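J.: Submitted below is the structure of interest, expressed as structure tokens.
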Amino acid sequence: MKITVASGKGGTGKTTVAVNMALANGATLYDCDVEEPNANIFLNAELEKIEDVSLMNPLFDMNRCTLCKKCAEFCRYNAIAVLPSDIMLFPELCSGCGGCKMVCPHEAISEGERKIGEIYRGEGEITIYQGLLNVGEARATPIISRLKRYVDDNGISILDAPPGNGCPAIEAMHGSDFVILVTEPTPFGLHDLKIAVTIVRKLAIPFGVVINRHGIGDEGVERYCREEGIPVLMKIPYNREIAVLYSKGVPFVKEIQGWRKKFVDLYEAVAE
Amino acid sequence: MKQIAVASGKGGTGKTSMVASFAGFAGAVLADCDVDAPNLHLILKPEVVEKIPYRGMEVAEIDSDTCIECGACERACRFNAIENFRVIGEKCEGCGVCPLVCPVDAIEMKKRVTGHVYTAHTRFGEFVYGLLGAGEEASGKLVTVARKKAVEIAERVGAPLIIIDAPAGIGCPVIASIGNTDLLVMVVEPTMAAVHDMERLLEVAAHFKVNTVAIINKYDINEDVTKRIEDFCTARGIEIVGKIPFSKKFTEAMVRGMSIAEYDASLAEMMKNIWERIEEYVNASDESHNSV
């Protein structure tokens, strides 16, 4: 069972839900927020690097290159600039598609690896895998896609998605059996939830909503879920104790009675 | 003209609430660059002037009548975006390799409208915001288009400043939002997670040589962590321009579609002081900027 915890809006409590649910159910956790991975702050597992993630980038053999510009004309990312007597690559723009090498009529292009991030694994109370994007790099998606290769199809896998509704979030959701959308009961939460719902429906993945900080805002999210027939799987109340535990990096299933069972029930409801 | 980006690394720390408040004091052009989850317009209630279609990357389309199911495209695609002779739109990066390798010309790259840039009037001044279609990609490029539009408008109306509401994270759309700005205002909460994210964002800011100041939001949730943030920032010469207490009034204001400065007089005073310090900082950075 692969469950992705996503949200649209940032800071709604994805990591809180993912970590507590993984702990309560003995699941393996995959932190797919590779730009800002936070889950291990709550688990404190000793992380060990298991893989470098690289993209293929073109290398130019200037003995063969005739500066014909075919590669630059092909590149849709504007990653190649042909100068009067040289050729320049903007590596952060390169997607590693390999097209330039294919179109070069002079076999002047080969490919070399450029490291853009890393994959880590840690064993604590549960197993965690985490991707990490190198600072200054733009492309998070290839790292998430590598990280997902470690997802075990047999056990319970919980994927903590990055915020937003862009390509990294979609990559984290793709191929999941279920998506939990965590939101807060505010106009901002509702607005971004609606976009996330559109995406999950497009991907045709069953989903439900968890409302975090229940009680702080208005009724908009609940009304919307009712009207759209979206199940509200859990409501986590706003209280200072939960907020303070979060600030210290302590998962609240460990400290507040009754929540472990609620997260077991949440998993069972999701697994049907 | 100066540009200020408000960013955080971690999501949900209060970027948009800050920008909405500053908007009332600044006389700036505002730009919401959180293009896949924009929220600022919910407070600003824009009166849209112009809706400009945005065409992002093209997407491959396979004509199933022509396709001979040889699988050459699937083998050549580095993004695993082709399965069973069909393109998975969400995974396609628009690179154009598949039509190159197709032996029967069954694949075409199609341009599509993948989002919009809006220009609008608001009670606080001119406003530009990008909105990416649900599930579309190339958000960094859309940010760049929105920022160009903001500069154009600022020049036209003679606004001295642009305030950018940046997305969460440190990747493509964040780099596009904070690159070439005069100041990064970082909004951080005193939580272990937010501190971790702040450190990564600061590395990005340093990488792109952007000056930074910080605001600690909800500083009283955990004063130990607040102290750590202050020590960390002081050691790096990053000024803390404000410390804001936790208050339910921020959410109450949001529910009513108001900025906190419009909703609560004492918090308005606090936000105004923070804004004045930011303004001083940006204006003082003049000389150092010109000398580069």
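The values are calculated or read from the model by the stated rules, or taken from the named source; none is laboratory data. Just so you know, these numbers come straight off a predicted model, no measurement behind them. Note: ideal-geometry Cβ built from the backbone for every residue, glycine included; neighbour counts use all protein chains shown. These accessible areas exclude ligands, DNA and RNA; they are computed on the full protein's heavy atoms, side chains included. Shrake-Rupley method; radii C 1.70, N 1.55, O 1.52, S 1.80 Å.
J.: Go through region B:72-86 and give me each residue that's more than 7 Å from chain A (Cβ to nearest Cβ) and assigned to a loop (DSSP other than H, G, I, E, B). I'd like the intermediate steps shown before the answer.
T.: Filtering region B:72-86 for residues more than 7 Å from chain A (Cβ to nearest Cβ) gives B:72-77, B:79-86.
Those that are more than 7 Å from chain A (Cβ to nearest Cβ) and assigned to a loop (DSSP other than H, G, I, E, B): B:Cys77, B:Phe79, B:Asn80, B:Ala81, B:Asn84, B:Phe85.
J.: Could you give every pair whose Cβ atoms fall below 7 Å, whose first residue belongs to region A:3-29 and is within 11 Å of chain B (Cβ to nearest Cβ) and crowded, with 24+ Cβ neighbours inside 10 Å, and whose second residue is assigned to a helix (DSSP H, G or I) and among the β-branched types (Val, Ile, Thr), counting only separations of at least 6 or pairs across chains?
T.: A:Gly8/A:Ile195
J.: Have a look at A:Gly217, A:Gly189 and point out the one that is at the interface with chain B (Cβ under 10 Å from one of its Cβ atoms) and in contact with a Pro (Cβ under 6 Å, 6 or more places away or on another chain).
T.: A:Gly217
J.: Of all the residues that make up region A:52-98, how many are in contact with a Cys (Cβ under 7 Å, 6 or more places away or on another chain) and of a type in the set (Ser, Thr, Tyr)?
T.: Adding up the residues that qualify gives 2.
J.: Would it be correct to say that B:Tyr129 is surrounded by 19 or more Cβ atoms within 10 Å (Cβ to Cβ), closer than 29 Å to A:Leu193 by Cβ and touching a Cys at 6+ places or on another chain (Cβ under 9 Å)?
T.: Judged against the criteria, B:Tyr129 is a match.
J.: Looking at A:Ile236, A:Ile216, A:Ile230, can you tell me which residue is part of a loop (DSSP other than H, G, I, E, B), open to solvent by less than 60 Å² (accessible area, probe 1.4 Å), aliphatic (A, V, I, L, M) and touching a Ser or Thr at 6+ places or on another chain (Cβ under 8 Å)?
T.: A:Ile216
J.: Sort out which residues of region A:39-50 are within 10 Å of chain B (Cβ to nearest Cβ) and surrounded by fewer than 24 Cβ atoms within 10 Å (Cβ to Cβ), and write them in order of number. Reasoning before the result, please.
T.: Filtering region A:39-50 down to residues within 10 Å of chain B (Cβ to nearest Cβ) leaves A:39-42.
Hits for region A:39-50 are A:Asn40, A:Ile41.
J.: Taking strands (runs of 3 or more DSSP E) that fall entirely within region A:1-89, which contain at least 1 residues that are within 26 Å of A:Thr127 (Cβ to Cβ) and of a type in the set (Val, Ile, Thr)? Walk me through it before giving the result.
T.: Working: elements: A:2-6, A:28-31, A:46-60, A:80-82, A:87-89.
So the answer is A:2-6, A:28-31, A:46-60.
J.: Just the residues that are surrounded by fewer than 18 Cβ atoms within 10 Å (Cβ to Cβ), assigned to a strand (DSSP E or B) and away from every other protein chain (no Cβ under 11 Å), please, taken from region B:87-115.
T.: Correct list: B:Glu108, B:Lys110, B:Val113.
J.: On the basis of being of a type in the set (S, T, N, Q), outside the structural domain of B:Tyr129 (by TED's automatic domain parsing), in contact (Cβ under 8 Å) with a residue 24 or more places away in the chain and open to solvent by 10 Å² or more (accessible area, probe 1.4 Å), does B:Thr16 make the cut? If you could, list the steps in order and put the result at the bottom.
T.: Working: of a type in the set (S, T, N, Q): yes; outside the structural domain of B:Tyr129 (by TED's automatic domain parsing): no; in contact (Cβ under 8 Å) with a residue 24 or more places away in the chain: yes; open to solvent by 10 Å² or more (accessible area, probe 1.4 Å): yes.
Judged against the criteria, B:Thr16 is not a match.
J.: Here's a follow-up. Does A:Arg201 qualify as being in a strand (DSSP E or B), closer than 20 Å to A:Lys9 by Cα and either among the charged types (D, E, K, R) or facing chain B (nearest Cβ under 9 Å) (or both)?
T.: no
J.: Name the single residue, out of those in region A:79-117 being open to solvent by 40 Å² or more (accessible area, probe 1.4 Å) and either polar (S, T, N, Q) or in contact (Cβ under 8 Å) with a residue 60 or more places away in the chain (or both), that is nearest to the other protein chains (Cβ to nearest Cβ).
T.: A:Arg114
J.: For B:Asn180, indicate whether it is on the phi < 0 side of the Ramachandran plot, surrounded by fewer than 19 Cβ atoms within 10 Å (Cβ to Cβ) and away from chain A (no Cβ under 14 Å). Steps first, answer last, please.
T.: On the way: on the phi < 0 side of the Ramachandran plot: no; surrounded by fewer than 19 Cβ atoms within 10 Å (Cβ to Cβ): yes; away from chain A (no Cβ under 14 Å): yes.
Against the criterion (on the phi < 0 side of the Ramachandran plot, surrounded by fewer than 19 Cβ atoms within 10 Å (Cβ to Cβ) and away from chain A (no Cβ under 14 Å)), B:Asn180 does not qualify.
J.: Further, regarding this structure: Can you find even one residue in region B:186-199 that is open to solvent by less than 20 Å² (accessible area, probe 1.4 Å) and away from chain A (no Cβ under 12 Å)?
T.: yes
J.: So, in region B:1-45, of the ones that are of a type in the set (D, E, K, R) and under 10 Å from the mean Cα position of the chain (by Cα), which residue ends up nearest to the other protein chains (Cβ to nearest Cβ)?
T.: B:Asp36
J.: Also, quick follow-up: Identify the residue in region B:160-174 that is under 9 Å from the mean Cα position of the chain (by Cα) and within 14 Å of chain A (Cβ to nearest Cβ) and, among all such residues, is farthest from B:Gln3 (Cα to Cα). Quick ask: steps written out before the conclusion?
T.: Of the residues in region B:160-174, the ones under 9 Å from the mean Cα position of the chain (by Cα) are B:164-168, B:173-174.
Okay, now just the ones that are also within 14 Å of chain A (Cβ to nearest Cβ), so B:165-168, B:173-174.
Values: B:Asp165: 11, B:Ala166: 12, B:Pro167: 16, B:Ala168: 18, B:Pro173: 16, B:Val174: 15 Å.
Only one residue fits best here, namely B:Ala168.
J.: Enumerate the strands (runs of 3 or more DSSP E) found wholly within region B:1-71, keeping only those where 3 or more residues are closer than 21 Å to B:Trp275 by Cβ and touching a Phe, Trp or Tyr at 6+ places or on another chain (Cβ under 8 Å).
T.: Where strands (runs of 3 or more DSSP E) fall fully within region B:1-71 and carry at least 3 residues being closer than 21 Å to B:Trp275 by Cβ and touching a Phe, Trp or Tyr at 6+ places or on another chain (Cβ under 8 Å), they are B:29-32.
J.: Search region B:131-148 for residues that are at positive phi and pair each with any residue that is of a type in the set (S, T, N, Q) when their beta-carbon atoms are under 8 Å apart and the residues are at least 6 apart or on different chains.
T.: Going by the 8 Å Cβ cut-off, the qualifying pairs are B:Gly135/A:Asn165; B:Gly135/A:Thr198; B:Ala138/B:Thr114.
J.: Taking region A:78-114 on its own, how many of its residues are under 14 Å from A:Leu67 (Cα atoms) and touching a helix residue (DSSP H, G or I) at 6+ places or on another chain (Cβ under 7 Å)?
T.: Of the residues in that region, 8 qualify.
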